[in-house]
Amino acid sequence: MTSENAAPTRILLVDDEPALREPLAEYLIRQGFAVTQAASAAEARTVLLNQTPDLALLDIMMPGEDGLSLCRHLTEAKELPVILLTAKGEAMDRIIGLEIGADDYVVKPFEPRELVARIRSVLRRAVRSGPAPQEDALYEFEGWQLDPVKRRLTDPQGVVIPISSAEFRLLVAFLDHPRQVMDRDRLLDMVQGREAHLFDRAVDNQVSRLRRKIEDEAREPRLIQTVRGGGYVLATDVRRSLPGAGA
Amino acid sequence: MRLRFFPRSLLGQMLLAVAAALLVAQAFSAALLYRASEQRRQIGVANGLAFQLVSEPRFDYREAGPNLPPPSHTPSPTPPAEGRKPPIPVPPEAREEQERPRRWQRLRVEHTLISPLRPGETRDTNRENLLREILAGQGIEPAELVVTNRAVSDDPYVKQRLRDTEKWRGRPDWVDRGLIVAGLLRKGEKEWTVARVPHPAPEPGAVGGIIAQTMIIYVMLVGGLALLLRRITRPLAALTRRMEQFARTRETDGQLEPAGPEDTRRLIEAHNEMEGRIAALLDEKDVMLGAIGHDLKTPLAALRVRIESVEDPVERDRMARTIEDITRTLDDILSLARVGRPSDRPENTDLAALTASVVEEFEDMGEDVAFGEGARLPALIRATWLRRALRNLVANALRYGGGKARVSLRREGDMAVLRVDDDGPGIPDHELGAMLEPFRRGEASRSRETGGAGLGLTLARAIAEQHGGSLRIANRHHADGTVAGLTAEIRVSIG
């Protein structure tokens, strides 16, 4: 993470509405980012000819070429991390956005601090894992299935089990490291980042919530076991498969 | 009370009405026909009797004496036997000639000195009157006239005659029907003339004819009517199906071609036109709502960014909360407008986990919400929507219900019941119904401070109905009648 000191992170901000774009750009600059503004998809493409930003913030609804189309171009051709700005907050928009490769999305009106937290989180993931071709592959364990794009957890009978985003990230942390002991600090580090209130949430609390949803008997957990001396382990194997490949 | 076989369709009711009317009309004409034929028969009988009584020769042509009654084997108490003379010999061929009228005559006409009405027999006054009229028409004024009905077995005269003839003629068919016996005493005479006629046989064709006629009319009329009505009801049924489909999908594809009679055609045309207008209005509404959502949320987002530069953190937080309130109201309005046409498909989802995740959101915000975790309860629902409905109820309970909420989930038959209880002051009973209307808030919370536009319950109800269920809100009472709190229940259908 030395790059943050050496050169500011460059962000391309694309929104047709100057009333939002300009103050947001100012805010991000105050937060230490270098921001290039574009009022349309066409303008954004021109900008991209001369420079390569580290991350793009795209408004979905724009006149002319819309954000989703530009997003596809950016993630496929430029392999650029993208965060979508959406006015609707509809599940459909989120799923479409994430399916065409956006890394995250925020719903207008968003909290600027939350946006910054997400920018950092997306950049951290981009640095750590690089482009992850397996990103949208389904997790499978003990008959359960987790779709990381739709954040959809289904039990062995195919019933959807609704989980919160904190539980989702915790579960993904476990599924990415099956049969490895994860101490609380490590889990906290992997789970935090998107919602501010999670920083001071005890990991134990989240684990017990998750257990209530996926364990047959929450008092005698079989899948997520407690390790003496502080930590948890996912005591099962995990398979990953591309959506639509299995079934 | 509902008749089980009463037809519900236009076709069935119409046919039933026509069939019933036809049945009544046919019954009337059958009754009239029967009466006419009955009258004809009675007149026939009376005429027969009158003919016998009147045309009866005053003398037996075999008897010599002018004023003597004809010979008779009647066992009447005073048989006029003393006046008898030896029969005049006749040649065999003439004898044969005479035998027949004599037998005919003797079977029917009898002369007695006493009234043929025997003790215990009743007079048939109807026939007497009829007969008297006919006789009057012939210029005969009877001194006395009796008519009575009698079984053959009770009539020794006929029995005697039958015994004589039965041997070679066989038993006549009228024996079982009984006799009508008429006695006439003319003025200035001492002897009764007694005529007998068997009861007339019923006319067999009368009732059968009317039934056959009714049947034919039924087939022609009801069948023809059924064909005609089907021409009306088939397009109507198609139109009904089309309307149901339109109500479900709100798509203008697959509109009906106008068919059937002119009236039905015009109905279908008018309906198609209306569908087009409704679809256009709905599209307009969606475009407008989308525009509102976009046009208002972007400046709100700008405002939200701008307030970050406000120095005073208290002031900044207040501004942020106001923006959140506006956003929530905007979301509720947009959701309410969209709830009728859900874009996401229902999924089999565990309601227990869904409820838990909503409760956990509130816990994470430091709210006091209790939920006794129960067994799995999978149901075919739209999770995003139902979560929102439940969230609204819990938020209401926390806001107006004293800061505490209890959530529970149970199953009742094929419905799942999500219940939210608070310990607040409740809502006055007369306001309960109005609480479900848009932009309504309880009396206690009219001030802007508590926030919310009052769409929460409206939206929750719309979502519950979208899930084939309902929303109920009611006050809970202590034993002494004071309000213990408010209960809100969402019922959703499982599966």
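Coordinate-derived values only; no laboratory data. This one's a predicted model, so the numbers in the text were calculated from it and none came from an experiment. All Cβ positions, glycine included, derive from the backbone under ideal geometry; neighbour counts span all protein chains shown.
Okay, here's what the table says:
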| item | result |
| --- | --- |
| Computed label-point distance, nm, for sites B:Ile140 and B:Ala270 using a 7 Å Cα→Cβ extension | 7.7 |
| FRET efficiency, 1/(1 + (r/R0)^6) with R0 41 Å, evaluated for A:Leu49 and B:Arg321 via beta carbons | 0.40 |
| Length added when fully stretched, B:Val310-B:Val287, from 0.36 nm per residue minus Cα-Cα | 4.7 nm |
| Net lengthening on full extension, A:Ala235/A:Glu140 (0.36 nm per residue, minus Cα-Cα) | 32.9 nm |
| Centroid-to-centroid separation of region A:20-75 and region B:13-55 [C-alpha atoms, Å] | 101 |
| Viscosity 0.692 mPa s, 37 °C: Kirkwood-radius Stokes-Einstein D of region B:271-410 over Cα pairs, µm²/s | 181 |
| Restricting region B:182-272 to trypsin sites (Lys or Arg not before Pro) in coil, as DSSP defines it, with at most 16 other Cβ within 10 Å | B:Lys187, B:Lys190, B:Arg250 |
| At q = 0.17, 0.21 Å⁻¹, base-10 log of I(q)/I(0) for region B:342-493 (Debye sum, equal scatterers on each alpha carbon) | -0.97, -1.43 |
| Within region B:241-256: backbone nitrogen closer than 17 Å to the B:Arg345 label point (7 Å, Cα to C-beta) | B:249 |
| Long-range tail of P(r) for region A:1-68 (Cα pairs > 17 Å, %) | 41 |
| Efficiency of FRET between B:Leu432 and A:Glu220 - r from beta-carbon atoms, R0 45 angstrom, step 0.05 | 0.50 |
| Inter-site label distance for B:Arg476 and B:Glu257 at 7 Å from Cα along Cβ, in nm | 6.3 |
